[in-house]
Amino acid sequence: MEGLAGLESQYLMHTFRRQPVNLTRGSGCWVYDEDGKEYLDMVGGIAVNALGHGHPTLTQAITEQASDLIHVSNLYYSRPQVELARRLVELAFPSRVFFANSGAEANEAAIKLARKWGRLNRAGAFEIITAIDSFHGRTLATVTAGGKDAYSAPFGPLPGGFVHVPFNDLDAVKAATTASTAAIMIEPILGEVGVIPAAAGYLAGLRRWCDEANLLLILDEVQTGMGRTGRWFAHQHAGITPDVMTLAKALGGGVPIGACLANPRADVFEPGDHGSTFGGNPLACRTALAVIEVIESEGLIGHAAEMGELLAESLGSLELGTVRGLGLMQALVLDQPHAKEVQAAALDAGLIVNAVTERTLRFVPPLVINPAQIDQATRVLKAVAG
């Protein structure tokens, strides 16, 4: 491990603070390091590995598609791409899909859609209202859209066109709306700052305001989508439909893919407006189709809801702090500011958790997690932090 850490420091840019473990293989909710030590994975590649590690259906789909065709570019038709778009639209709302490689790229597509839509429908309006402490990606535009100075401040001057307001404050959104506003872009649950769900009525209020003020409602479901919260998409809990929705993370089960869905009102792209060399390639799309197939066949939507309730109850029983979240997207907000120390001690004890703030641990495990594994995670946390 020491040799690998030295090589990493020498040859990779210092953009990550890595945990001191070299993971080499996985199975289900378990991963193993180079010495064969077993770890219970309660992070799932940051909400990516929805089916866990090494799921046979996913492995088969990747193997079969790789043996046939990996990439051909978007100059030609591709059946896996069309089939995946159809399945997503059927699961979500009437729309059309643009495929990218990541959540940031999907959000870039949404931003461009909003700007063109504003030019066509609101006399050149271009501003997008977003939430303080949101996270929409690491490109220059998306890091600006996310209202977190720590991520954007080093890269000024930042692009204009984004207005930040407090999350869960509908009045602030209304006050920030001007003739220059084209869209509102919101995560149903703020993930990077400690899993803060939308308050009751907030998303419905945003939907009504967008209809009244003639704005687009963009929902970033990169982390919350694909069954994570106990519904296919988190906005379905609120009984609303966005104009634009972005997906990534769990969509490919570990293979990079992003998607931007736009309803007929927002679907203003024309040939040449946007593109991606790798986006929607046969390998990524066939993999995402397999993810959808397994989520449906194994009943993982309902399972995520059930296991999410169990996880929240189990974390609450520790009496270490408060618990918040939805489905299998939960956070434990510790009474003491020692989340990073708890994360390190848990790792030593064979449990992978994610400290997102000094007080907050995030839990976004694979959707296939079972009660025994939740019980084990709870027992380890009690031992290292109780």
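As a rough guide to protection, the peptides 78-87, 354-363 ranked by mean Cβ packing within 10 Å, highest first, stand as 354-363, 78-87. Could you derive backbone 3J(HN,Hα) for segment 112-125 from the dihedral phi with the Karplus parameters 6.51, -1.76 and 1.60 (θ = phi - 60°), listing whole Hz in sequence and x where the residue is Gly or Pro? Karplus-based 3J(HN,Hα) across segment 112-125 equals 5, 4, 4, 5, 5, 4, x, 5, 7, 10, 9, 6, x, 4 Hz.
Heavy-atom accessible surface of the chain, averaged per residue, reaches 44 Å², computed with a 1.4 Å probe.
Under the rule a/c < 1.5 gives rounded, and otherwise a/b versus b/c splits prolate from oblate, where does segment 199-261 land using the Cα gyration tensor? Verdict is oblate for segment 199-261.
Only protein atoms count toward the accessible area here, which uses a 1.4 Å probe; on segment 325-382, the carbon and sulfur part of that area reaches 51 percent. Along the axis of the charge dipole computed for segment 206-326 (Cβ charges of +1 for Lys and Arg, -1 for Asp and Glu, origin at the Cα centre), the listed residues THR277, LEU251, ILE240 are led at the positive end by THR277. Of the residues GLY327, THR15, ALA109, the one whose Cα sits farthest towards the positive end of the charge dipole of the chain is ALA109 (charges of +1 on Lys and Arg Cβ, -1 on Asp and Glu Cβ, taken about the Cα centre).
Its convex hull of Cα atoms gives the chain a direction-averaged projected area, equal to a quarter of the hull surface, of 19.2 nm². Using every pair of separate Cα atoms, the Kirkwood estimate puts the hydrodynamic radius of segment 274-386 at 15.5 angstrom. Remark: the chain carries a charge dipole of roughly 820 debye about the Cα centre, counting +1 on each Lys and Arg Cβ and -1 on each Asp and Glu Cβ. Peptides 163-174, 242-253, 147-158 ranked from most to least packed give 242-253, 163-174, 147-158, packing being the mean of other C-beta atoms within 10 angstrom over each peptide's residues.
Dividing the alpha-carbon radius of gyration of segment 246-314 by the rule-of-thumb value 2.2 N^0.38 Å gives 1.46. Amide H contacts of ALA355: ARG362, each under 5 Å away and 5 or more positions distant or on a separate chain (H built 1.01 Å from N in the peptide plane; Pro and chain starts excluded). Ligands, DNA and RNA left out, the accessible area of segment 67-127 computed with a 1.4 Å probe is 55% carbon and sulfur.
Would you mind telling me the share, in percent, of accessible area of segment 140-202 contributed by carbon and sulfur at probe 1.4 angstrom?
Here it works out to 59 percent.
The values are calculated or read from the model by the stated rules, or taken from the named source; none is laboratory data. Here the structure is a predicted model, which is why all the values come from computation and not from measurement. Here the Cβ is made from the backbone with ideal geometry for all residues, glycine too, and neighbour counts use every protein chain on show. With ligands, DNA and RNA removed, areas are computed over all heavy atoms of the protein, side chains included. Shrake-Rupley method; radii C 1.70, N 1.55, O 1.52, S 1.80 Å.
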